[in-house]
Amino acid sequence: MTARIGVVTFPGSLDDRDTQRAIRLAGAEPVALWHKDKDLHQVDAVVLPGGFSYGDYLRAGAISRFSPVMESVIEQAKAGLPVLGICNGFQVLTEAHLLPGAMLGNDHLHFICRDQKLRVENAETAWTGDYRQGQEIHIPLKNMDGRYVADEYTLDKLEAEGRVVFRYVDFNPNGSLRDIAGITNEAGNVVGLMPHPEHAVEPLIGTGRTDGLPFFTSILKKLVGA
C-alpha cells in the first residue's frame, strides 16, 4: 500500500511544491489538490501548506477557509482524516475552527525568517509519532502573522489535555502566548504549526538538518500501520 497525501494549493500558496517533495522523500505519494475542487481524490491525509493565500487579505487564512476544498477537508477531518497545517495552513485551520485560537500579527510588527529551535511536547499525534517527547529540533520559520493567541480558558485546556504539540525554545519569534508553536485537536489527527518542516528534510537545504522529515514519516507509518 502506498499512502497518498494531498497538498492543497490556494491562490498565493508558496510551499506546496516543497511539501510535495517532502512527502515523496518520506516514501508516500503526493497528490496535488486544487482549492476550487471539493473532491479530495481519495487521499489518506491532507497538508495545507505555507504561503500567503489570497494575499492574507482580511486576515491570514480567512478567505481560504471558505474555498470549496475546505468543505471536504473540514468534513473529513471531523471524521478522522489526518490534516497538517503549516504556517498559512495553521492559520486556515484556526479560521475553519478545526483548531482553537487565532493567529495575529507578530508582536514586533515585522516579517521574521530564521532557524527556530522547538521542543516536542506531544509525540502521540498522527504527525509526530517519529519524535520523542521533550526532543529539541530545529525547523525554519518565516511569518508575519505568527502570534498564536487564545483566551486563558482555552490555553489552560490545551495544556491540561496535552494538546500543545510544539513550543518555542530560547526565543519566542512572534509573541505567541505560552511560547506555543503548534497545537492539535482533541483526536490528534489535526495538527497546526507555524514553522516549516518541509524546509528541513534534506541536509542541503533549510537548516542543513532533517529535523522536519519525521512529520512525513510519522504520518506514513500511521497510515500503513508500520
Just flag the chymotrypsin sites (Phe, Trp or Tyr not before Pro) in segment 1-94 sitting in loop per DSSP whose Cβ has no more than 15 other Cβ atoms within 10 Å.
TYR57
Charges on Cβ only, +1 for Lys and Arg, -1 for Asp and Glu, centred on the Cα centroid of segment 106-226; of GLY225, THR154, VAL190, which one is farthest towards the dipole's positive end?
GLY225
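May I ask you to list the trypsin sites (Lys or Arg not before Pro) in segment 84-137 that are in a DSSP loop and have at most 13 other Cβ atoms within 10 Å of their Cβ?
Numbers: sites: ARG114, LYS117, ARG119, ARG132; in loops: ARG132.
Taking segment 84-137 and a limit of 13 other Cβ atoms within 10 Å, the loop trypsin sites (Lys or Arg not before Pro) found are ARG132.
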Just tell me which lysines come within less than 17 Å, Cα to Cα, of LYS142; anything on the same chain fewer than 8 places away is out.
LYS117
What FRET efficiency do you get for ALA79 and THR210 if R0 is 30 Å and r is their Cβ-Cβ distance, rounded to the nearest 0.05?
0.40
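Just in segment 128-185: which GluC sites (Glu not before Pro) are loop by DSSP and have at most 15 other Cβ atoms within 10 Å?
On the way: sites: GLU136, GLU152, GLU159, GLU161; in loops: GLU161.
Taking segment 128-185 and a limit of 15 other Cβ atoms within 10 Å, the loop GluC sites (Glu not before Pro) found are GLU161.
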Using only Cα atoms, locate the centre of segment 132-201 and the centre of segment 42-74, then give the distance between them in Å, rounded to an integer.
19 Å
Run the dipole for segment 158-226 about the Cα centre, Lys and Arg Cβ at +1, Asp and Glu Cβ at -1, nothing else charged, and hand back the magnitude in debye, nearest 20.
140 debye
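Given charges of +1 on the Cβ of Lys and Arg and -1 on the Cβ of Asp and Glu, with all other atoms neutral, how large is the dipole of segment 4-225 about its Cα centre, in debye to the nearest 20? Numbers along the way, then the final one.
Details: 22 positive and 29 negative charges, 65 e Å.
Magnitude of the dipole: close to 320 debye.
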Please give the contour-minus-distance gain from ALA160 to LEU25: 0.36 nm per residue of separation, less the Cα-Cα distance, rounded to one decimal in nm.
45.1 nm
Normalised contact order of segment 4-225, rounded percent, pairs of Cα under 8 Å and 6 or more residues apart
20 percent
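Read the figures in this text as sums done on the coordinates, not as results from a lab. These numbers come from a predicted model, not from an experiment. Ideal geometry is used to build each Cβ from the backbone, glycine not excepted, and the neighbour counts take in all protein chains shown.
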